[in-house]
1. Which condition breaks for residue 511 when tested against (1) assigned to a loop (DSSP other than H, G, I, E, B); (2) surrounded by fewer than 21 Cβ atoms within 10 Å (Cβ to Cβ); (3) modelled with pLDDT under 90?
2. So how many residues does segment 207-228 have that are touching a strand residue (DSSP E or B) at 6+ places or on another chain (Cβ under 9 Å) and under 19 Å from residue 275 (Cα atoms)?
3. Looking at residue 314, is it surrounded by fewer than 23 Cβ atoms within 10 Å (Cβ to Cβ), outside any strand (DSSP E or B), acidic (Asp, Glu) and modelled with pLDDT under 85?
4. Scan segment 261-268 and tell me whether some residue there is at pLDDT below 90 and of a type in the set (A, V, I, L, M).
5. Quick one: would you say residue 326 is at pLDDT 85 or above and on the phi > 0 side of the Ramachandran plot?
6. Any idea which residue in segment 275-291 is farthest from the chain's Cα centre (by Cα), counting only those that are modelled with pLDDT of 85 or more and open to solvent by 20 Å² or more (accessible area, probe 1.4 Å)?
7. Any residue in segment 303-327 that's among the acidic types (Asp, Glu): show its pairings with residues that are buried (at least 18 other Cβ atoms within 10 Å of the Cβ) at Cβ separation under 6 Å, as long as the two are six or more apart or on different chains.
8. List the strands (runs of 3 or more DSSP E) that sit entirely inside segment 394-488 and contain at least 1 residues that are modelled with pLDDT under 90 and within 26 Å of residue 338 (Cβ to Cβ).
Amino acid sequence: MAQLAMRSLLLFLLLLSPFVVSAGVVKLNSSSPLFGIELPPFNTAVADTGCDSKLVAAEEVEDEPKQPARMSPSLKLYMSHRAAADAAVGRTRKDSFLESAKKDAVRIETIHRRAALAGGDRSPASSPRRALLERLVATVESGVAVGSGEHLMEVYVGTPPRRFPMIMDTGSDLNWLQCAPCRACFEQRGPVFDPAASSSYRNVTCGDQRCGLVAPPEAPRACRRPGKDPCPYYYWYGDQSNTTGDLALESFTVNLTAPGVSRRVDGVVFGCGHWNRGLFHGAAGLLGLGRGPLSFASQLRAVYGHAFSYCLVDHGSDATSKIVFGEDTALLAHPQLSYTAFAPPAAGTSADTFYYVKLKGVLVGGETLNITSDTWDVAKDGSGGTIIDSGTTLSYFAQPAYQVIRQAFIDRMSKVYPLIPDFPVLSPCYNVSGVERPEVPEFSLLFADGAVWDFQAENYFIQLPDGIMCLAVLGTPRSAMSIIGNFQQQNFHVLYDLQNNRLGFAPRRCAEV
């Protein structure tokens with residue numbers, strides 16, 4: 001009965017509803033049809049006098065005439081994980097994962113709702129005011145999902161640059177920060193961003209083409225002076241969270257993995273939010289890595305190429321995770337690097353921020369499970385399908401698939417591990433007290449193009465205190481999509497190769513990358 005009650009709580013929650021080795025400045029190309037959406041292949045050297053002081057620009061370095069554009073070397077950055085903060089305040093591993101499951105539940109419902117809205121299931125109460133803007137509204141909401149983003153990048157914003165922790169999220173497009181004057185804001189660590197204190201801050205005007213990529217407030221201001229008036233934006237989230245402010249341009253500076261070195265990128269499009277509501281748990285905002293034109297990854301493509309990758313360390317590890325913009329030579333030379341093609345969303349939908357992959361089946365203990373093929377399909381209304389997402393913690397499968405996966409583990413697990421009934425949220429769970437390395441069946445994902453992703457036990461079983469071990473997979477309603485979460489991605493170097501429209505993955509000890 002307790003297990004049934006917890007599952008009912010989870011369903012109720014469902015319904016409620018973060019650069020390389022040399023410092024430099026990258027400037028935007030004014031000849032681009034959408035100025036600021038992509039960056040040009042030239043750099044400007046800078047002298048870095050410290051992350052909290054002014055960056056001094058040196059002479060601009062121009063390419064020789066008629067030479068082909070050259071990409072900058074790749075950028076490797078550090079990321080931190082929320083689990084370290086949890087440990088600092090005394091939260092146990094069990095508490096952290098159960099809380100993550102609750103936040104995931106809201107995130108999944110948000111993703112599903114926005115995918116459905118993009119596919120035509122739009123109601124007057126929740127649809128944005130301008131139809132051409134629905135794509136970005138959908139993608140931004142799905143990416144934030146009220147604090148489920150688990151990995152943070154420290155980004156320095158403005159001139160002089162000030163530090164802000166931002167959620168790294170492959171499930172959203174828009175970069176945004178809480179901004180002063182903060183009319184209504186959630187609690188964050190440190191002060192909010194103050195545009196008046198930055199000499200490089202510029203508003204995007206309401207007549208700018210980029211203003212057409214964001215939704216206006218419910219009571220939009222008239223654009224009386226297209227070249228001067230700011231561009232207001234409004235984002236509504238599935239749990240009534242929202243962010244409202246002005247679309248703007250600013251310099252973003254990031255610390256590189258080389259000691260004492262940083263890189264500044266000028267003219268990044270971001271949302272300066274003055275009214276913000278939601279459970280973002282101390283983060284100052286969000287850094288979007290989705291496929292849309294406003295994401296941080298998209299705005300860096302002309303400089304670093306159409307690829308980025310990350311390598312996530314174990315949850316709770318003291319080591320730092322890494323994210324790389326551009327090609328990582330060690331990853332490309334990895335003998336176990338595998339690829340699967342990205343799958344498009346349903347025809348006629350606009351849920352193209354998400355990184356869809358096409359699953360064909362699931363293997364447990366080396367055997368392909370009996371799951372019907374239509375379980376993995378994207379429906380005409382935009383629901384269903386499978387995405388890979390850095391902001392969802394656990395992995396979730398459509399309910400029919402989850403029931404088969406769960407039962408397969410129960411049937412194949414050794415009977416020497418007592419099953420723990422009525423454990424909250426996670427199932428099955430086992431008592432493995434005194435067992436140094438419990439043996440579990442192998443787990444793999446089979447993709448439609450033949451690629452196979454084999455996981456280590458640490459990617460799909462969670463070791464909790466008191467000798468408890470649980471399957472780190474949960475189910476979603478049949479209408480919802482399946483999601484490969486960040487727990488299952490840990491200690492894999494995951495590559496988003498947008499030039500060749502494919503996802504790459506290779507096993508690596510991410511603490512050593």
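1. (1)
2. Residues that pass the stated criteria total 8.
3. Against the criterion (surrounded by fewer than 23 Cβ atoms within 10 Å (Cβ to Cβ), outside any strand (DSSP E or B), acidic (Asp, Glu) and modelled with pLDDT under 85), residue 314 does not qualify.
4. yes
5. yes
6. Among those residues, the one meeting the criterion is 275.
7. If the second residue must be buried (at least 18 other Cβ atoms within 10 Å of the Cβ), the pairs left are 314/490; 327/74; 327/307.
8. Once the strands (runs of 3 or more DSSP E) in segment 394-488 are filtered for at least 1 residues that are modelled with pLDDT under 90 and within 26 Å of residue 338 (Cβ to Cβ), what remains is 473-476.
The values are calculated or read from the model by the stated rules, or taken from the named source; none is laboratory data. Here the structure is a predicted model, which means the values were calculated and not measured. All Cβ positions, glycine included, derive from the backbone under ideal geometry; neighbour counts span all protein chains shown. SASA here: full protein model, heavy atoms, side chains in, ligands and nucleic acids out. Shrake-Rupley method; radii C 1.70, N 1.55, O 1.52, S 1.80 Å.
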